[in-house]
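The values are calculated or read from the model by the stated rules, or taken from the named source; none is laboratory data. As the structure is a prediction and not an experimental result, all values here were calculated from the model. Cβ placement follows ideal geometry from the backbone for every residue including glycine, while neighbour counts extend to all protein chains displayed. Side chains are part of the model used for accessible areas, which takes the heavy atoms of the whole protein and leaves out ligands, DNA and RNA. Shrake-Rupley method; radii C 1.70, N 1.55, O 1.52, S 1.80 Å.
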Amino acid sequence: MRILSGIQPSGELHIGNYLGAIKNWIKLQNEKNECWFFVADYHSLTENYNPKEKSKEILNLATDLLALGLDPKKSTIFQQSQIESHANLAWIFNTLVRMSELERMTQYKDKASIQKENVNIGLFGYPILMAADILIYKADAVPVGEDQIQHLELTRDIAHRFNEKFGQTFPEPKSLLTETPRIMSLLDPTKKMSKSGGEKSYIALTDFPEIIQEKIKSAVSDTGGGKDKRGGENLLEIFNAFAETKNGQSEYSNYKRYHEEGTLKYAEFKPALAELISNYFADYRAKRAELLENPDFVKNVLTEGNKKTSAIAEATLQEVKQKLGLII
Ligand code: AMP
Ligand code: TRP
């Protein structure tokens, strides 16, 4: 299978990004698929940002992906803005999508309500650039978290529409989810974990063990006298995800049973969960520290990836232009 996915460089990664997407990227890469992963820097311009920080954010994200286990010998890792044909194809797709379809997008509505003073056209057209990112490589499958499923549906609609109008060109790519496609905020289990919820609502991959202990300690568990168990369920799900992938067997089933019976002792469970997360990312923290000493290596991975991808993307763009009658 040809796998493709991207992630925005907009600050630190959290365990939602890891459990919903990146963990799957590494698994798919190691199962010998043809993998393409990129830093979605053009997408990140749709949010408020500081241009002085942007290049550092791009490099940091690439560093994180390598430290987590993406391997440039197995996967192609590149930078979206350096492949000019993505935005060109997005322009063409703009003419195939109606405003009403974009107005329905949940992520657009959520982000527009957060950045009321900056509801820019890029934020509105975001899913179209995403469709171009995917279809330009004719990807078969896209590993993402649950919040991106709606964008993948639109991508398939665009592929279908294009094929009907101009002849078979694009496969209709499917989304690949992990068992934990939607990790919830530590402070509000009705909202998905996201940086916009504030520092205490998420665990960053770079958080030191003491910080993880503090954040898990203050995480919301069961509320309403134990009637609303969603906070506890979220913590258990996180425990299961890390325990399962690391040890095979885990104490998860015991904790889960206690939780169902209403006898789970959070004074024991919470420190155990925090320790599990800290240990899980110990290798990553060490590898990251090493890579930060060698930014040229990371830059070189992106430069090589950019070279590899641009010819393929350009070939698709030419094929599309041909089908549209633009080549004279
Ligand atoms: P973003 O940080 O929005 O660029 O997201 C990067 C990837 O992480 C996407 O595939 C998202 O679907 C995924 N993701 C983001 N937040 C969560 C979450 N709370 N739970 C699971 N996956 C998530
Ligand atoms: N929209 C994705 C996110 O916020 C990032 C992204 C951009 C992406 N282009 C993509 C993901 C193409 C998968 C495929 O997480």
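Among the residues making up the range 117-140, those that are over 18 Å from LEU176 (Cβ atoms) and in contact (Cβ under 8 Å) with a residue 40 or more places away in the chain are ASN118, ASN120, GLY122, LEU123, TYR126, LEU129, ALA132, ILE136. Contact map, the range 141-152: first residue under 11 Å from GLN107 (Cβ atoms) and open to solvent by less than 10 Å² (accessible area, probe 1.4 Å), second residue among the β-branched types (Val, Ile, Thr) and more than 8 Å from ligand 2 (Cβ to nearest atom), Cβ cut-off under 6 Å, separation 6 or more or different chains; the map is empty.
Conditions (1) within 13 Å of ligand 1 (Cβ to nearest atom); (2) touching a Phe, Trp or Tyr at 6+ places or on another chain (Cβ under 7 Å), marked per residue:
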{"site": "GLU12", "(1), (2)": "yes, no"}
{"site": "ASP41", "(1), (2)": "yes, no"}
{"site": "LEU59", "(1), (2)": "no, no"}
{"site": "THR76", "(1), (2)": "no, yes"}
{"site": "ASN88", "(1), (2)": "no, no"}
{"site": "THR95", "(1), (2)": "no, no"}
{"site": "THR106", "(1), (2)": "yes, no"}
{"site": "ALA112", "(1), (2)": "no, no"}
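Mind checking whether some residue in the range 154-165 is free of Cβ contacts under 8 Å to residues at least 24 places away in the same chain and open to solvent by less than 70 Å² (accessible area, probe 1.4 Å)? Within the range 154-165, one or more residues are free of Cβ contacts under 8 Å to residues at least 24 places away in the same chain and open to solvent by less than 70 Å² (accessible area, probe 1.4 Å). HIS14 falls short on exactly one of the conditions (1) in contact (Cβ under 8 Å) with a residue 60 or more places away in the chain; (2) within 12 Å of the chain's Cα centre (by Cα); (3) within 16 Å of LEU302 (Cβ to Cβ), and that condition is (3).
State all residues of the range 187-198 that are within 11 Å of ligand 1 (Cβ to nearest atom), in contact (Cβ under 8 Å) with a residue 24 or more places away in the chain and in contact with a Gly (Cβ under 8 Å, 6 or more places away or on another chain); if no residue qualifies, say none.
Those that are within 11 Å of ligand 1 (Cβ to nearest atom), in contact (Cβ under 8 Å) with a residue 24 or more places away in the chain and in contact with a Gly (Cβ under 8 Å, 6 or more places away or on another chain): LYS192, MET193, SER194, LYS195.
Residues that are within 14 Å of ligand 2 (Cβ to nearest atom) and either crowded, with 22+ Cβ neighbours inside 10 Å or at pLDDT below 95 (or both) within the range 179-191 comprise just one, ILE183. Taking the criterion of being within 17 Å of ALA139 (Cβ to Cβ) and not aromatic (Phe, Trp, Tyr), the residues of the range 23-59 that qualify are ASN24, LYS27, LEU28, GLN29, GLU31, LYS32, ASN33, GLU34, CYS35, VAL39, ALA40, HIS43.
Here is a yes/no grid of residues against (1) on the phi > 0 side of the Ramachandran plot; (2) open to solvent by 60 Å² or more (accessible area, probe 1.4 Å); (3) in contact (Cβ under 8 Å) with a residue 12 or more places away in the chain; (4) out of contact with any strand residue (DSSP E or B) (no Cβ under 9 Å at 6 or more places or on another chain):
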position	(1), (2), (3), (4)
LEU177	no, yes, yes, no
LYS200	no, yes, yes, yes
LEU205	no, no, yes, no
GLU214	no, yes, no, yes
GLU233	no, yes, yes, no
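Restricting ALA241, ALA313 to those that are surrounded by 13 or more Cβ atoms within 10 Å (Cβ to Cβ) and assigned by TED's automatic domain parsing to the domain that holds ASP222 reduces the list to ALA241.
Those helices (runs of 4 or more DSSP H) of the range 1-106 in which 1 or more residues are within 12 Å of ligand 2 (Cβ to nearest atom) and buried (at least 18 other Cβ atoms within 10 Å of the Cβ) occupy 23-30, 41-44, 51-68, 85-94.
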